[in-house]
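Here is the structure we will look at, set down as structure tokens.
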Amino acid sequence: LFIFLWTFALGTIWVLSSQSAPTFDSFQVVNAASEAANGRFEFFNNDDRYSKDYSFQLGSVFFLKIIMSVAKTVFKPENPLYLEVVNAFSLGVVNVCIVLITNLTMRDKKITTAVTLMLALSCAPILSCSFIYGILPGMALAAAALYCELRYLVDDKYVHGIISVILIGIAVLLKSNYIIWLIAMCLIAVVMMFKRKKMVLDCILMACAVILSLSLQPAVKSMYESRSGIDLGDPIPYTSWITMGLCESNSAPGWFNYTHTTQVYKDNNFNAKITSQKSKAVIAERLGYFAKNPQYTHDFFYKKLASQWNETSYESIWNNTIRGQYKDKNKFAAWVCGDGSKKVKKIMDIWAQLMFASFTVGIVVIMKKKNFPALSLAVIFLGGFFYQLISEGKSQYIVPYIICMTGIAGVGLIFAGEHLTDIIRTK
């Protein structure tokens, strides 16, 4: 209750303080949802082709459209700022699930308390509430799905297994990146099924989770094609994002570069098959270059990882600075995004160093105890780590994995604290 109310309150306060408006990709998604909520589908024919080229975003459009339809009926809002409040609510749910997962797998009140306090002191996720992109609502569903899966695996709560399947399916609908969570959940189930000796039921639930997760996005796309009468075609293939992640860019190695996505797609007359072939050829070329130039390869991936994981604001301040405004920021938000940004980032640096160190200790402790359910958050972290290593680089995409790492960091913090206390007492 504390962590939910704390997170939801701070997130809402920040949203109202920042007054950030959807811009760039988030504007496209929110605008499409607003149009769909009013029964208009002309946005599919926009010259920028966003809804066609990025049709995998239609899951988020569908989710936001439902919320906007309800909001329009209940209180007729002037602007979609309330969608950012939904983000704050979602982050509260995420933090609650991380605490519940820790409590379920570790069964130690001190560790649960440590995780709760570390989540409460994490600034970047709070500041990220103003960014509407389906990341936080998707993570709320994915984190709840993981908790329900662990309840099923640890306590044999069958209803939780069914709920888990539904929740992870909807999470992947909102954001394809949560396929990483789906894979991690399947791995956890596979490891534990041999001990549980309930292989048939576990396999059925895993199969249902995979089928549901991979079918909802195409179903929503087909629905919009049917309602609009417009053939959306194929989106930009995912191989283009892998190409982007393995090539140089003006920002940092592997960061956004439209040349490898929208440009190559346009050059090939929006043919996804040909675009995928061209992207695969570039990937093969880059891998060959990496193999022949080990020092360059080291520097490339070192800089890419550092630019994402060591940027401890995770673009939360930047996003609130460069986006449009509904009205001027209040004094506090203006200070955070302006004169006080260096101080705020310094605080974020200190918190991140504590979290990274505690996470490392926590992993060792959990592995020594062979507590496989407790490693579930670490499995998701590893999946995100390798995914961000090869795909498009962006530090704001690290936020979900930082939150997951906090669940392990609490274990390391308590372990280190207890051993430090013992050393002091001995001396």
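When E285 is tested against (1) touching a strand residue (DSSP E or B) at 6+ places or on another chain (Cβ under 9 Å); (2) of a type outside the set (S, T, Y); (3) without any contact (Cβ under 8 Å) to a residue 24 or more places away in the chain, exactly one condition is not met: (1). Being crowded, with 16+ Cβ neighbours inside 10 Å and in contact with a strand residue (DSSP E or B) (Cβ under 8 Å, 6 or more places away or on another chain) is a property that S307 has. Within region 15-25, the presence of at least one residue that is over 16 Å from P137 (Cβ atoms) and at pLDDT below 95 is confirmed.
Among the residues of region 130-152, what is the count of those that are charged (D, E, K, R) and open to solvent by 20 Å² or more (accessible area, probe 1.4 Å)? Walk me through it before giving the result.
Going residue by residue through region 130-152, those that are charged (D, E, K, R) are 149, 151.
With open to solvent by 20 Å² or more (accessible area, probe 1.4 Å) added as a condition, the list becomes 151.
Residues meeting the conditions: 1.
Just one of (1) farther than 19 Å from A189 by Cα; (2) in contact with an Asp or Glu (Cβ under 9 Å, 6 or more places away or on another chain); (3) open to solvent by less than 10 Å² (accessible area, probe 1.4 Å) fails for S376. It is (1).
Looking only at region 32-78, which residues are part of a helix (DSSP H, G or I), of a type outside the set (D, E) and either in contact with a His (Cβ under 6 Å, 6 or more places away or on another chain) or surrounded by fewer than 18 Cβ atoms within 10 Å (Cβ to Cβ) (or both)? Give the steps one after another, and end with the answer.
Of the residues in region 32-78, the ones part of a helix (DSSP H, G or I) are 32-37, 42-45, 50-53, 55-74.
Pick out the ones that are also of a type outside the set (D, E) and you get 32-34, 36-37, 43-45, 50-52, 55-74.
Residues satisfying the conditions are N45, F56, I66, I67, S69, V70, A71, K72, T73, V74.
Okay, residues lined up against (1) surrounded by 17 or more Cβ atoms within 10 Å (Cβ to Cβ); (2) at positive phi; (3) outside any loop (DSSP other than H, G, I, E, B):
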site: K266; (1), (2), (3): no, no, yes
site: I274; (1), (2), (3): no, no, yes
site: K278; (1), (2), (3): yes, no, yes
site: G288; (1), (2), (3): no, no, yes
site: A291; (1), (2), (3): no, no, yes
site: H298; (1), (2), (3): no, no, yes
site: E311; (1), (2), (3): yes, no, no
site: W318; (1), (2), (3): no, no, yes
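Of the residues that sit in region 153-171 and are touching a Phe, Trp or Tyr at 6+ places or on another chain (Cβ under 7 Å) and open to solvent by 10 Å² or more (accessible area, probe 1.4 Å), which one is modelled with the highest pLDDT? Filtering region 153-171 for residues that are touching a Phe, Trp or Tyr at 6+ places or on another chain (Cβ under 7 Å) and open to solvent by 10 Å² or more (accessible area, probe 1.4 Å), the one modelled with the highest pLDDT comes out as H160.
The values are calculated or read from the model by the stated rules, or taken from the named source; none is laboratory data. This structure is a prediction, so every number in the text was calculated from the model and none was measured. Quick reminder, even Gly has a Cβ in these numbers, built from the backbone with ideal geometry, and neighbours come from all protein chains shown. All accessible areas refer to the heavy atoms of the entire protein, side chains included, with ligands and DNA or RNA removed. Shrake-Rupley method; radii C 1.70, N 1.55, O 1.52, S 1.80 Å.
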